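The structure appears below as structure tokens.
Just so you know, all these numbers are worked out from the coordinates, no wet-lab data involved. Since we're looking at a predicted model, the values are computed, not measured. In this analysis, Cβ positions are derived from the backbone assuming ideal geometry, glycine residues included, and neighbour counts consider all displayed protein chains.
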């Protein structure tokens, strides 16, 4: 008997409705060289508002990580929410798998929309990409938020027991799960209080809908951020940076947050959220938003009532 209803697909449609209702529209942009990036952009671009780029981490797609947060920012910012390469509707035929390449593609994407200056929020893997954007395009970024982004990890941390996993293959099998058992393990690592009693059929449905595309490419993305990584090779940045961390993060332990703050220096501030794990943006959304609003919204003056509206990308 064929499956007629997919809870995951239905929830994905609901998030799509949320994004559309937030005055965003879905576009796919051809960057050339076999690279297509899907993103949500403002239906009307306001030249007076500052710009905000929300970059997701590993998981389903950008909508699932930022659907709960959009309403806090769309009134004050031109909000852009892209799918990174090999997530959602974005992909490339090129062989590069580094966060540096992802960052260059994001910058090219924003160039196509006429955006030259922006603040950026990067969650987990999105923080790796955001940090790389700050390194490569310092003139483009105004403020940077890095949430549970283990940018300062080193490959030797695996051998030294900093993580719950001991090698790259195990890390990839958990971060991009292909079985209900692995997905349950990811939930336990990501949340302090993971949902209990979730039927395996729901987990299998999520995997079927969200975790079957670009499996090998995503494993290569994970390998690229860890292999031969050294803190001494990570360029420092000078941008005002807010580092947000779940106090009980089991994927990227809090030590990496302190390490990142020390590496960036005086321009960085670290805040920890209690009773939260790696998925702090989902587990503690109110606290997460409160810190982002203080850092981002309170840093910009309110736009004038007389604003100029033009179509985004034109």
Check your understanding: For segment 98-243, what D do you get in µm² per second when you plug the Kirkwood radius from alpha-carbon pairs into Stokes-Einstein at 10 °C and 1.306 mPa s?
Key -> 94
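Among 224-235, 11-22, how do they line up from the highest to the lowest mean number of other beta-carbon atoms within 10 Å? Walk me through the intermediate numbers first.
Values: 224-235: 13.2, 11-22: 15.3.
Descending mean neighbour count gives 11-22, 224-235.
Report the Stokes-Einstein translational diffusion coefficient (µm² s⁻¹, integer) for segment 241-296, Rh taken as the Kirkwood radius over Cα pairs, at 25 °C with viscosity 0.890 mPa s. Write out the running numbers ahead of the final one.
Details: Rh = 11.3 Å.
After rounding, the answer is 217 µm²/s.
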Check your understanding: Three principal axis extents, largest first, for the C-alpha atoms of the chain, in Å?
Key -> 54, 54, 41
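Using a Förster radius of 45 Å, what is the FRET efficiency between residue 47 and residue 164 based on their Cβ-Cβ separation? Nearest 0.05, please. Write down the numbers at each step before the final one.
On the way: r = 47 Å, r/R0 = 1.04.
Calculated transfer efficiency: 0.45.
Can you give me the orientation-averaged projected area of the convex hull built on the Cα atoms of segment 210-258, in nm²? All intermediate terms of the calculation are to be shown ahead of the outcome.
Values: hull surface 21.9 nm².
It is 5.5 nm².
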Point to revise | Distance between modelled label sites at residue 196 and residue 155, nm, 7 Å Cα→Cβ extension | key: 4.2
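To one decimal place, what Kirkwood hydrodynamic radius in Å is obtained for segment 66-128 from all pairs of distinct Cα atoms? Let's see the in-between values first.
Numbers: mean 1/r = 0.0764 Å⁻¹.
The Cα-based Kirkwood calculation yields 13.1 Å.
What Kirkwood hydrodynamic radius, in Å, does segment 18-131 give when the mean of 1/r is taken over all pairs of distinct Cα atoms and then inverted?
Numbers: mean 1/r = 0.0715 Å⁻¹.
Result for segment 18-131 stands at 14.0 Å.
Computed FRET efficiency, Cβ-Cβ of residue 16 and residue 290, R0 25 Å: what is it to the nearest 0.05? Spell out each step's value before the answer.
Values: r = 27 Å, r/R0 = 1.07.
My answer for the efficiency is 0.40.
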Check your understanding: Taking the chain as a Gaussian network, where each spring joins two C-alpha atoms under 10 Å apart, which residue of 239, 49, 286 fluctuates the most?
Key -> 286
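With all pairs of different alpha carbon atoms counted, what Kirkwood hydrodynamic radius in Å does segment 125-171 show? The partial results should precede the final answer.
Details: mean 1/r = 0.0816 Å⁻¹.
One over the average 1/r among Cα pairs gives 12.3 Å for segment 125-171.
Need the full-extension length gain, residue 231 to residue 94, defined as separation in residues times 0.36 nm minus the C-alpha distance. One decimal, nm. List each step's numbers first, then the result.
Numbers: separation 137, 0.36 × 137 = 49.32 nm, distance 2.71 nm.
Gain on extension, residue 231 to residue 94, equals 46.6 nm.
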Point to revise | Gaussian network model of the chain, Cα within-10 Å springs - most flexible of 149, 279, 75 | key: 75
Practice item. Rank by packing, highest mean first: peptides 186-197, 246-257, with packing defined as the count of other Cβ atoms within 10 Å averaged across residues. Key: 246-257, 186-197
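Strictly greater than 22 Å: what percent of every Cα pair in segment 152-231 meets that?
Working: 994 of 3160 pairs.
Cα-Cα pairs of segment 152-231 separated by over 22 Å account for 31 percent.
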Point to revise | Label-point separation, residue 272 to residue 258 (7 Å along Cα→Cβ), nm | key: 0.7
Practice item. Report, largest value first, the span of the C-alpha coordinates of segment 111-194 along each principal axis, in whole Å. Key: 44, 28, 23
Point to revise | Cα centroid separation, segment 160-212 to segment 8-29 (Å) | key: 25
